[in-house]
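Note sheet for the following structure.
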Amino acid sequence: MMSEMLEFTTGKQTNDRETLSASSQSPERDCDGKSGNRRSPLRETATRQAVYGVALNLEEDSVGAIILGDCHKIKEGDEVKSLKRILEVPVGENVIGRVVNPLGQPLDGKGEMLADKFYPIEKIAPGVITRESVSQPAQTGIKAIDAMIPIGRGQRELIIGDRQIGKTAIAIDAIINQKGQNMKCIYVAIGQKESKIANIAAKLEEHGAMEYTTIVLAGASDPASLAYIAPYAGCAMAEYFLDKGEDVLIVYDDLSKHAVAYREISLLLRRPPGREAYPGDVFYLHSRLLERSCKLNEQHGGGSITALPIIETQAGDVSAYIPTNVISITDGQIYLEPDLFYQGNRPAVNAGLSVSRVGSAAQIKAMKKVAGKMRLEAAQYRELAAFAQFGSDLDEDTKNKLERGKRLVEIFKQDQYKTVPAANQVLIFFAAISGLLDNVPVEKINKFEEELNKYAENNGQDILQEIAEKGDFDEKLEEKMKKLVEDCKGTIEIIK
């Protein structure tokens, strides 16, 4: 019997060429035969121009594939060839400054793009042994975030909120603020209008940010298959710089549309639907993507990928399926509230519901000293403001806290594209918690901050430079900052 078993052969045959059997006008197709590998590219060869696809479903007698291009160019009966390769995208220095589609093909009209290497879009995330804790700040230039919800290099911080309340604006400001910070940026646009991305590219160009930024665009009119692979392609481009020991900031705008694209693909591939018609592995869809963002230890290059995924909620419902999934995967969230936005508090960050699980470990020492007290005073102000609505008999201490809280709210207001360096943030926060702004009218706080920054640039450059270089301040520097603020107050009319 043993000899018969050893001599037995299965008669297995592989065939690289099969025929296309599906005829629906969807971006998904079935191929007869069993020669595909999951996520291996297939090419429909009967048409003059090759159309690429990726095998996702392996059935007993067919292969389900998604088409990465125009599905109208192919028809039932066309020949399909397996390329026996995993889907790869071009990566390298030449990708920087370009607008590309998820396959790495240029969309900006700047000519061909020569790739240094090709990286597979799917990769197992680095293990625990190769990582180290997040300790370096990734400054966004947005005061409310850098003070109360700090982001570190290697962190995954979710930006969540309803439509049209400034989620993309925060991400773009964070990219603009990386100028001179030795950090590459990748902006992945999933299902966004091409006109919107053209405006974003123009703004980044205007602020000199395209010198270190790549835009990966899967447009609103592109197939769901391109929207599905877009964030993985962007992450592969980021991993090239991670492997070189560099720091990268990547924005996924947004993962809600990514989940919808994956749902469309899964339903067309006849996969069983689950909650809200999403497939059962929709959590894994985002977890395997976001786990690739990390901070590596020095033995593995010391590079990092910082991720800012964006999720759009419906009517502020953060308990929906996709929002709760991504909240549980990430290291904190920045929650944007419509009520704050319409009140004129922009960025509309709700400090109560927002959290950074890395916390003060991702702040410079100078920021820790001022931000800790600011967070406390801002929280006290929110409680007292709610209480003060019901009574007019308030003691002096409560009135003082309310007045200072109003000034903090004004300080956190910030115009788009006007990022603030860390040293300037420390200066204005120090002035606020030291009571130096108590005699500045609330409505004049923003004007005073502008004047203080100008005055510091002209008369306190040494102070700002010392804070920037040391990342800390001692009693001697504290006295210098107090004198600088007082001198500035004496030169302007708004508080007289």
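The values are calculated or read from the model by the stated rules, or taken from the named source; none is laboratory data. Please read these numbers as outputs of a predicted model, since none were measured by experiment. Neighbour counts run over all protein chains shown; Cβ positions are idealised from the backbone, glycine included.
Values as computed for the structure displayed
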{"quantity": "The lone exception for residue 114 - which of (1) touching a helix residue (DSSP H, G or I) at 6+ places or on another chain (Cβ under 7 Å); (2) assigned to a loop (DSSP other than H, G, I, E, B); (3) in contact (Cβ under 8 Å) with a residue 40 or more places away in the chain it fails", "calculated": "(3)"}
{"quantity": "Residue 290 vs. criteria modelled with pLDDT of 95 or more, buried (at least 17 other Cβ atoms within 10 Å of the Cβ) and in contact with a Pro (Cβ under 7 Å, 6 or more places away or on another chain)", "calculated": "yes"}
{"quantity": "Test set (1) surrounded by fewer than 21 Cβ atoms within 10 Å (Cβ to Cβ); (2) in a loop (DSSP other than H, G, I, E, B) - residue 102 fails condition number", "calculated": "(1)"}
{"quantity": "Single match in 414, 425 (criterion: assigned to a loop (DSSP other than H, G, I, E, B) and under 30 Å from the mean Cα position of the chain (by Cα))", "calculated": "414"}
{"quantity": "Enumeration of residues in the stretch 269-292 that are aliphatic (A, V, I, L, M) and in a loop (DSSP other than H, G, I, E, B)", "calculated": "269"}
{"quantity": "Qualifying positions in the stretch 180-228 - on the phi > 0 side of the Ramachandran plot and either crowded, with 21+ Cβ neighbours inside 10 Å or under 18 Å from the mean Cα position of the chain (by Cα) (or both)", "calculated": "182, 191"}
{"quantity": "Qualifying positions in the stretch 414-450 - among the acidic types (Asp, Glu) and surrounded by fewer than 18 Cβ atoms within 10 Å (Cβ to Cβ)", "calculated": "415, 438, 443, 450"}
{"quantity": "Only one of 162, 146, 116 that is in contact with a Pro (Cβ under 7 Å, 6 or more places away or on another chain) and either closer than 14 Å to residue 292 by Cα or among the charged types (D, E, K, R) (or both)", "calculated": "162"}
{"quantity": "Residues being free of Cβ contacts under 8 Å to residues at least 24 places away in the same chain and closer than 30 Å to residue 396 by Cα - total across the stretch 451-479", "calculated": "2"}
{"quantity": "Residue that is nearest to the chain's Cα centre (by Cα), among those in the stretch 134-147 that are of a type in the set (S, T, N, Q) and either under 12 Å from residue 174 (Cβ atoms) or crowded, with 23+ Cβ neighbours inside 10 Å (or both)", "calculated": "140"}
{"quantity": "Residue within the stretch 379-394 that is on the phi < 0 side of the Ramachandran plot, surrounded by 19 or more Cβ atoms within 10 Å (Cβ to Cβ) and under 33 Å from the mean Cα position of the chain (by Cα) present", "calculated": "yes"}
{"quantity": "Looking only at the stretch 49-68, and only at residues there that are surrounded by fewer than 21 Cβ atoms within 10 Å (Cβ to Cβ) and in a loop (DSSP other than H, G, I, E, B), the one that is nearest to the chain's Cα centre (by Cα)", "calculated": "50"}
{"quantity": "Extreme residue, surrounded by the fewest Cβ atoms within 10 Å (Cβ to Cβ), among residues of the stretch 105-133 that are of a type in the set (A, V, I, L, M) and in contact with an Asp or Glu (Cβ under 8 Å, 6 or more places away or on another chain)", "calculated": "125"}
{"quantity": "Residue pairs meeting the criteria (Cβ under 6 Å; at least 6 apart or on separate chains; first charged (D, E, K, R), in the stretch 364-391; second in a loop (DSSP other than H, G, I, E, B))", "calculated": "365/471; 365/472"}
